[in-house]
Amino acid sequence: MSSKSFFDSDEDAAQSNKLARKAKESPFMLVGIAGFVAAGVIGAYKYRNRGTMSTSVFLMQLRVAAQGTVVGCLTVGLAYSMAKEYLFDKAPKENTKSLTN
């Protein structure tokens, strides 16, 4: 028998490597996902105490809050990566395009 489990596959390892690489490239993506999950958990908790608000209105407000969290985190992450590349880089990168053919 092999030491690998029946459920472990190379595709699972590739997916975890892809997620780890993506997390290293843009750490605010994980913050956005965590914010989305947190908004969902908080929304599920507050659903019980929504008062006379209809379910559809509550879910619409929850969707807007969750999407706003993700968009805000992605915007901050983009600003961070641009600042890291253009402002905090000590040596300017050479232009790779040739102006003369």
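The values are calculated or read from the model by the stated rules, or taken from the named source; none is laboratory data. All figures in this text were calculated on a predicted structure; none of them were measured in a lab. Backbone-built Cβ (ideal geometry, glycine too); neighbour counts: all protein chains shown. Remember, those area values only see protein heavy atoms, side chains included, never the ligands or the DNA or RNA. Shrake-Rupley method; radii C 1.70, N 1.55, O 1.52, S 1.80 Å.
Between residues in the stretch 66-78 that are assigned to a helix (DSSP H, G or I) and residues that are among the aromatic types (Phe, Trp, Tyr) and open to solvent by 50 Å² or more (accessible area, probe 1.4 Å), which pairs lie under 7 Å by C-beta distance while being six or more apart or on different chains?
Ala66/Phe36; Thr69/Phe36; Val70/Phe36; Cys73/Phe28; Leu74/Phe28; Val76/Phe28; Gly77/Phe28
Hey, could you check the stretch 56-101 for residues that are more than 19 Å from Ala23 (Cβ to Cβ), open to solvent by less than 100 Å² (accessible area, probe 1.4 Å) and polar (S, T, N, Q) and say which is modelled with the highest pLDDT?
Only one residue fits best here, namely Ser56.
Give the stretch 42-52 a look and list any residue that's in a loop (DSSP other than H, G, I, E, B) and surrounded by fewer than 11 Cβ atoms within 10 Å (Cβ to Cβ), or say none. Before you say what the answer is, go through the steps one by one.
Step one: list which residues in the stretch 42-52 are in a loop (DSSP other than H, G, I, E, B), which gives 48-52.
Hits for the stretch 42-52 are Arg48, Asn49, Gly51, Thr52.
Which residue is nearest to the chain's Cα centre (by Cα), if the candidates are limited to the stretch 14-36 and must be of a type in the set (D, E, K, R) and under 13 Å from Ser81 (Cβ atoms)? Steps first, please.
So the first thing to find is which residues in the stretch 14-36 are of a type in the set (D, E, K, R), and the list is 18, 21-22, 24-25.
Adding the requirement that they be under 13 Å from Ser81 (Cβ atoms) leaves 22, 24-25.
On the way: Lys22: 9, Lys24: 11, Glu25: 11 Å.
Residue satisfying both the conditions and the ranking: Lys22.
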